[in-house]
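I have placed the structure first, in the form of structure tokens, so that the comments after it can refer back to it.
Nothing in this text is a laboratory measurement; each read-out follows from the coordinates by a stated rule. A quick note: this is a predicted structure, and the numbers were derived from the prediction, not measured. Quick reminder, even Gly has a Cβ in these numbers, built from the backbone with ideal geometry, and neighbours come from all protein chains shown.
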Amino acid sequence: MIVVLMMINFGDKAVLGLAAKPIMAELGLSATQFGGISSSFYLLFSLAAVIVGFVSNRVSTTTILGVIAVLWSLATLPVLLAASVPMLYASRIALGGAEGPTAPMAAHAVQKWFPENARAIPTALTTMGGALGLAVTAPTLAYFIANHGWRSGFAALAIVGIVWAAAWYVIGKEGPYREYSSTAEARATSTSEERTVGYARLFTSRTWLGTIVAGAGAYWALAVSTAWLPTLLERGRGYSAQTTAVLVSSPHIVSAVAILVIPLVSERLVRAGVSARWSLGVLAGAMVVLAGVCAVFVGHTSGTVLLVLVAVAFGIPSAFYPLSFLMAGRISPVKQRGAVMATATAIVTMTGVIAPTVTGRIIDAAGGPAAAFDEVFLVSGAILLVCRIVGAFAMHPDADARRFGLRS
């Protein structure tokens, strides 16, 4: 159920980018104006993530996930009722506020069902739902948009969200792991006896700060790809709308594989006794550095090589997210984990406010998507590389957990 939820969640993120051409044509928008609408999605995204993260200290994640699924489905209504620039802003801002807490709350809910040494794959599958969502929904939404108008894509996602919420009301439950434990034993006891760590200490730990820096680079790639990759491929390289929709799916297929394989390797390293610093932080760093290098060289290639580099550059970074949630689980007590994950997500996703607008300005300044193609990928690659290298050196989850008295 949570994997499906994440699929719908990322479909909602992608639909505006897939409908960019007809929306810009109908409303007479420039690239900068459209980038501003894309960025507005993140205005309440971060704030909502923080608020709901702290609410999760007292309210079950089962309830929270059901409520936010209903809210984001309702957030589509302004666009369906009256298509205009103010309504697009209202819809995207409301949708961002409803979706902001989803990823950290989904990871928090899943981790309540598994002990620490068996969380990597379930957490990865949760994140992989987002990649699958983009891979599956991009061609589907493109079909609706091309054959039934761009509003039909928004309507389809709203209906699917309501159906999911109804099923979740029957199926959703809380897991038994309600205390911090590094063993394989379930500790289904009250969290009232679990020790707490001051949030000031948690939020100034090197691991938490490292995940912020590294995550910001990865989210830049995600925000740019969802807002601008369809336009860059269609108008910058001349692909048809339907072909572009298929090509846009390729990074998400790579992402789905990376999200599953990299945490699996990480979990095996942990079980072999390798420290979390190497099995989580450095492993993720190496993969995202590869993505950054690919992004830098995209503008100097064409044909099949270009498409492979795009797929790796925008697909690999998403593998960082399940590893960051696993690191958060290592440094925070269970009853504080939702707040720790959500606050990190809130800060990281603020990159989404900046990236689409900055990219839109680059495109307008260059005179269009074709002229700006090289520069957009060069900037994205440089940001990926710098953020990930800095983050990899900072993260040290086991050392922070020992400092907080959570591990021996």
Task: Positive-pole candidate from PHE393, ASN117, SER38, dipole of the chain, charges at beta carbon - done: ASN117
Open item on the list: Test of understanding: in a Gaussian network model of the chain with alpha carbons linked when under 10 Å, which of LEU80, LEU385, LEU232 would top the mean-square fluctuation ranking?
Closed with: LEU80
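Taking every pair of distinct Cα atoms and averaging 1/r, then inverting, what Kirkwood hydrodynamic radius in Å comes out for the range 288-358?
On the way: mean 1/r = 0.0704 Å⁻¹.
Final number for the Kirkwood radius of the range 288-358 is 14.2 Å.
Averaged across orientations, what area in nm² does the convex hull of the alpha carbons in the range 1-110 project? Present the calculation step by step, with values, prior to reporting the outcome.
Values: hull surface 26.7 nm².
Averaged projected area of the range 1-110's Cα convex hull equals 6.7 nm².
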Task: Estimated 222 nm signal from helices in the chain, with DSSP H stretches of n ≥ 4 weighted -39500 (n - 2.57), rounded to 500 - done: -25500 deg cm²/dmol
Task: Rounded tilt (10° steps) of 206-237 against the dominant C-alpha axis of the chain - done: 20
Task: Residue-count net charge about ALA241 - beta-carbon cut-off 14 Å; Lys, Arg +1, Asp, Glu -1 - done: +2
- [ ] First obtain the Kirkwood hydrodynamic radius of the range 280-408 from its Cα pairs, then insert it into the Stokes-Einstein equation at 20 °C and 1.002 mPa s, and state the resulting D in µm² per second as a whole number.
- [x] 131
Task: From phi via Karplus (6.51, -1.76, 1.60), per-residue ³J(HN,Hα) for the range 150-160 in Hz, x at Gly/Pro - done: 5, 5, 5, x, 5, 5, 4, 5, 4, 5, 4
Task: Principal-axis tilt of helix 369-394 within the chain, Cα atoms, nearest 10 degrees - done: 10
Open item on the list: Less than 15 Å Cβ to Cβ from ILE93, Lys/Arg counted +1 and Asp/Glu -1: what total charge do the surrounding residues give?
Closed with: 0
Open item on the list: Can you tell me the orientation of helix 283-298 relative to the chain, as the angle in degrees between its alpha-carbon axis and the longest Cα principal axis, to the nearest 10?
Closed with: 10
TODO: Identify which of MET350, MET87, MET128 has the largest mean-square fluctuation in a Gaussian network model of the chain, with springs joining Cα atoms closer than 10 Å.
DONE: MET87
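Based on the alpha carbons, how large is the Rg to Rh ratio for the range 1-49 when Rh follows Kirkwood?
Numbers: Rg = 13.1 Å, Rh = 12.2 Å.
That ratio equals 1.07.
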Open item on the list: Using the Kirkwood formula on the Cα atoms of the range 31-90, what hydrodynamic radius do you get, in angstrom to one decimal?
Closed with: 13.3
- [ ] Sum up the lysine pairs in the chain that clear both bars: alpha-carbon distance under 26 Å and a spacing of 8 or more or different chains.
- [x] 4
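Counting alpha carbon pairs within less than 8 Å and at least 6 residues apart, what relative contact order, in whole percent, applies to the chain? Present the calculation step by step, with values, prior to reporting the outcome.
Working: 756 pairs, mean separation 113.5, N = 408.
Relative contact order comes out at 28 percent.
What is the calculated FRET efficiency for ARG206 to ASN147, with r their C-beta to C-beta distance and R₀ = 41 Å, to the nearest 0.05? Walk me through the intermediate numbers first.
Numbers: r = 52 Å, r/R0 = 1.26.
Taking R0 as 41 Å, the efficiency between ARG206 and ASN147 is 0.20.
Name the trypsin sites (Lys or Arg not before Pro) in the range 320-408 that are in a loop by DSSP and that have at most 13 other C-beta atoms within 10 Å, would you? Please list the in-between numbers first.
Working: sites: ARG330, LYS335, ARG337, ARG361, ARG388, ARG402, ARG403, ARG407; in loops: ARG407.
Here no trypsin sites (Lys or Arg not before Pro) fit, given the DSSP loop and packing criteria.
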Task: Rg over Rh, two decimals, the chain (C-alpha only, Kirkwood Rh) - done: 0.96
Task: Estimated FRET transfer efficiency (ALA286, ARG237; beta-carbon r; R0 35 Å; 0.05) - done: 0.75
